[in-house]
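In what follows, a single structure is set out as structure tokens and then discussed.
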Amino acid sequence: MKPVLDFIAENWRHGLEILLLWFIIYQSYRYFRATRGARIFTGLVGLWIGLTLLSSFLDLNVIGWILEKIAVFLAVALVVIFQPELRRALAELGSHRWFSSFGRAAEKELTEDIVEIVKTLSRKRIGALIAIQRSIDLKPYLETGVSIDCRISPELIQTIFHSGTPLHDGGLILRLGDERILGAGCVFPLNQREQKDRSIGLRHRAAMGITEESDAIALVVSEETGAISIASEGHLERNLDPDHLKDRLNALLFEPEDDADEDDSPAGLERPLASTAD
């Protein structure tokens with residue numbers, strides 16, 4: 001028994017290192033596996049390993065020397081390839097999920113108004129894309145649209161998204177803290193992950209994209225079906241009824257939660273939307 005305890009005492013650090021490395025590699029795999037850069041990374045690593053083995057077996061000294069030198073540049077290439085994903089990870093790391101209790105009751109009441117607005121848009125089949133700003137400033141995306149800076153108004157939001165108005169195709173940005181509409185007609189980044197469900201349209205990809213680049217919450221109303229979706233941290237939940245939407249919105253905005261057990265797939269619920277134009 002004593003030799004076993006001595007072995008553990010001498011080597012527990014090595015075991016801890018292995019566990020930490022396994023955790024980092026596994027989480028990195030989960031995070032990056034569905035991205036476009038994953039295929040590029042797999043191709044580069046596969047090519048590098050193949051050439052390394054070939055140079056080792058056939059004693060190709062020149063190729064081996066070249067591979068040793070370019071290994072450093074491979075790390076730089078990874079930063080370039082995964083730049084969008086790294087930006088998202090750093091944004092999530094620097095965001096704050098815990099909100100102060102000051103003014104929370106008023107904000108929760110305002111979320112009920114937002115749910116009613118989305119419900120009205122859904123009933124009238126008015127397509128919409130709404131981003132709710134949280135701790136990360138969305139100013140870069142505000143600059144792509146039209147600055148409004150006014151109090152949140154159901155009538156104004158319906159007018160903005162009404163078909164035929166100049167701003168109806170863009171995204172709307174709200175700020176709950178002071179109940180303001182910050183801008184409309186904004187261009188959001190599109191989600192770059194590969195989607196198994198081809199029915200996910202541009203509005204939904206933009207909702208997923210803005211929540212990948214920031215800690216915002218995005219709401220989407222399908223113009224063709226009136227279906228309501230909500231996006232957070234790059235994940236999309238689709239076909240929500242107003243009650244479920246209210247619960248999810250309150251949970252995401254006011255209740256810190258562990259998202260580790262959520263479905264890895266950003267496609268969300270089971271029923272696809274019919275139109276790719278949304």
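Test residue 225 against the stated conditions and say whether it is of a type in the set (Val, Ile, Thr) and either at pLDDT 90 or above or not assigned by TED's automatic domain parsing to the domain that holds residue 126 (or both).
For residue 225, the condition - of a type in the set (Val, Ile, Thr) and either at pLDDT 90 or above or not assigned by TED's automatic domain parsing to the domain that holds residue 126 (or both) - is not met.
Sub-6 Å Cβ pairs linking a first residue in region 98-124 that is in a helix (DSSP H, G or I) to a second residue that is basic (Lys, Arg) and modelled with pLDDT of 60 or more, at least 6 apart or interchain, are 115/246, ordered by first then second residue. Taking the numbered list (1) part of a loop (DSSP other than H, G, I, E, B); (2) over 20 Å from residue 251 (Cα atoms); (3) out of contact with any helix residue (DSSP H, G or I) (no Cβ under 8 Å at 6 or more places or on another chain) in turn, residue 160 passes all entries but (1).
For residue 79, are the conditions met, namely being under 23 Å from the mean Cα position of the chain (by Cα) and either at pLDDT below 70 or within 30 Å of residue 39 (Cβ to Cβ) (or both)?
In short, yes.
Screening region 109-126 for residues that are touching a Leu at 6+ places or on another chain (Cβ under 6 Å) and hydrophobic (A, V, I, L, M, F, W, C) and picking the one that is surrounded by the most Cβ atoms within 10 Å (Cβ to Cβ) gives 118.
What is the one condition in (1) at pLDDT 65 or above; (2) over 22 Å from residue 83 (Cβ atoms); (3) not aromatic (Phe, Trp, Tyr) that residue 277 does not satisfy? Among (1) at pLDDT 65 or above; (2) over 22 Å from residue 83 (Cβ atoms); (3) not aromatic (Phe, Trp, Tyr), the lone unmet condition for residue 277 is (1).
Condition check: more than 25 Å from residue 215 (Cβ to Cβ) and assigned by TED's automatic domain parsing to the domain that holds residue 122. Does residue 159 satisfy that?
Yes; evaluated as a whole, the condition is true for this residue.
Only a single item in (1) loosely packed, with under 11 Cβ neighbours inside 10 Å; (2) modelled with pLDDT of 70 or more; (3) more than 30 Å from residue 193 (Cβ to Cβ); (4) not aliphatic (A, V, I, L, M) is not met by residue 73, and it is number (3). When each of 179, 233, 237, 212 is tested for being out of contact with any strand residue (DSSP E or B) (no Cβ under 6 Å at 6 or more places or on another chain), among the acidic types (Asp, Glu) and surrounded by fewer than 23 Cβ atoms within 10 Å (Cβ to Cβ), the lone residue that passes is 233.
For residue 164, the conditions (1) surrounded by fewer than 18 Cβ atoms within 10 Å (Cβ to Cβ); (2) under 14 Å from residue 132 (Cβ atoms); (3) not acidic (Asp, Glu) all hold with the exception of (2).
Counting the residues of region 200-234 that are without any contact (Cβ under 8 Å) to a residue 24 or more places away in the chain and assigned to a loop (DSSP other than H, G, I, E, B) gives 0.
The values are calculated or read from the model by the stated rules, or taken from the named source; none is laboratory data. Quick caveat: nothing in here was measured; it's all calculated off a predicted structure. Please note: Cβ atoms are built from the backbone with ideal geometry, for glycine as well, and neighbour counts cover all protein chains shown.
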